Structure formats: structure tokens, C-alpha cells
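Trainee: I'd like to ask you about the structure that follows.
The values are calculated or read from the model by the stated rules, or taken from the named source; none is laboratory data. On a predicted model such as this, the values are computed, not experimentally measured, just so you know. Note: ideal-geometry Cβ built from the backbone for every residue, glycine included; neighbour counts use all protein chains shown. In case anyone asks, the SASA skips ligands and DNA or RNA and just uses the protein heavy atoms, side chains included. Shrake-Rupley method; radii C 1.70, N 1.55, O 1.52, S 1.80 Å.
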Amino acid sequence: MTNELSFTHEFIPGRSERTLLMLHGTGGDEHQLVPLGRELDQAAAILSPRGKVLEGGNPRFFRRLAEGVFDLEDLKVQTDALAEFVRNAARHYQLDLEQLVAVGYSNGANIAASILLRQPDLLRAAIMLRAMVPFMPDALPDLSGVVVWIAGGKQDMLIPRANTERLAEMLSEAGAEVTAQFFDAGHPLTNTELVLAKRWLDATALPPAA
Ligand code: MLT
């Protein structure tokens, strides 16, 4: 690993052009979502960083002040650092950024949303599992051409459905093509939604940038 790849990460080369950027939840690490990535796409490369912030020893992608209350300054810094890591990793591993799909769970989904809002040129597609509005942007970015699939749990005690719906609305107002679905589930993921996420991904051919 070179200095410029400043996140501890796992990288698995793929057999197709696509790369899945796997972003774990609180307490996960670079290994947590690799099996999920493989389940979603057997042929894609997998880039899976570990969040740099520790909360009681549990890795996260940014600091929070309380459950659902984010340290917005840290969120900004960590979002930019992660985006820079992804760009450097793409250069290092020769990945096509036009074929990059973020797959985030919980805290990882929230930083994926933050990347979309702060660095709208980086991601062309995202699967966000249990996501919420990470921060309120002063102005919406232009997300036209970006496709997003969001899955919420109807009984999720950590991430209220209304918050996920607000995120979906915000991203579609910004021009993204958003599909949001809610499942009979709590915070943990269910097999049904993973099957649907895979189906969505299979049907998503990323167009070349305009
Ligand atoms: C967050 O802190 O990003 C959300 O509350 C989800 C989580 O618990 O990680």
C-alpha cells in the first residue's frame, strides 16, 4: 500500500470493468462487506476501505455526537478524504471511475450519501442500505446521470423511514434517478432486499460520462 492510499483497505481485482466500493457500517471493517459485494456481483472488482474514525474502538467513516447526530465538520473532512482515497486507488489499481458503484450499509451508506452531495462527480451509481440525510447542503449538486437504489427497514429503530425518504427526495431533486424501497425489516439487512439489490445492479449498465 502506498502513502497516498491512506485508508486501510481490501482490494480484490475483478473480471469485469465494474468496481464495487464497499462501505461498512459502524463496527465493521474492510472485510465486513466483501461477501455481500461478491453476492451482488461475482465479476466486479471490490475496493473496501475501513473507516478511520473510532467510536469506543468501533470503526466508522465519520464522528457522531450522538446516535443520528453527526459531527458535520468531521463529516466534511472524512468525506473529502474518502473521495481522495477512491480517486488515488482508481489510479493505483487502474480502475474505471465511470464504472464505480458505491454499496454502503448504515454509516457506510451515510458517507456514500455525503459523497454524492459534496463530491457529485465521483460516483455514477450507489446502493444505499439503511441511509439517512447526512447533512443539509446549502445548494443541491447536479446529480443527473447518477442512479441510486435505497433500501430502508420499516421497523428500523436507528434510521426513521421519514429520514430515508427525505434523502431519496433530495437526491431526486438533484437530478439522480432514485429507487427507494422499504422492507419488513429492522436495521439488519434481509435476504429479500439483497436479491432485489442484485437485480437492480444487474439491470444497471453505467453509461459513459456525458
Ligand atoms: C450513523 O451514525 O451513520 C448512523 O446512525 C448509522 C449507524 O449507526 O452507523
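Trainee: If the requirement is being near the ligand (Cβ under 9 Å from one of its atoms) and more than 14 Å from the chain's Cα centre (by Cα), which of these qualifies: V69, V77?
Mentor: One residue alone meets the criteria, V69.
Trainee: Could you tell me how many of the residues in the stretch 102-148 are under 16 Å from A174 (Cβ atoms) and not aliphatic (A, V, I, L, M)?
Mentor: Count: 14.
Trainee: Now for a separate question. Looking at (1) in contact with a helix residue (DSSP H, G or I) (Cβ under 9 Å, 6 or more places away or on another chain); (2) more than 10 Å from the ligand (Cβ to nearest atom); (3) of a type in the set (F, W, Y), find the lone condition where F62 falls short.
Mentor: Here F62 clears every test but (2).
Trainee: Give the residue, chosen from A83, A113, that is of a type in the set (G, A, S), within 18 Å of Q181 (Cβ to Cβ) and touching a residue at least 24 places away in the same chain (Cβ under 8 Å).
Mentor: A113
Trainee: Looking only at strands (runs of 3 or more DSSP E) that fall completely inside the stretch 1-79, which ones have 1 or more residues that are of a type in the set (G, A, S) and open to solvent by 30 Å² or more (accessible area, probe 1.4 Å)?
Mentor: 64-66
Trainee: Restricting to the stretch 104-134, give me the number of residues that are open to solvent by less than 10 Å² (accessible area, probe 1.4 Å), within 13 Å of the ligand (Cβ to nearest atom) and hydrophobic (A, V, I, L, M, F, W, C).
Mentor: So the answer is 7.
Trainee: Test A89 against the stated conditions and say whether it is within 19 Å of F11 (Cα to Cα), more than 9 Å from the ligand (Cβ to nearest atom) and not in a strand (DSSP E or B).
Mentor: yes
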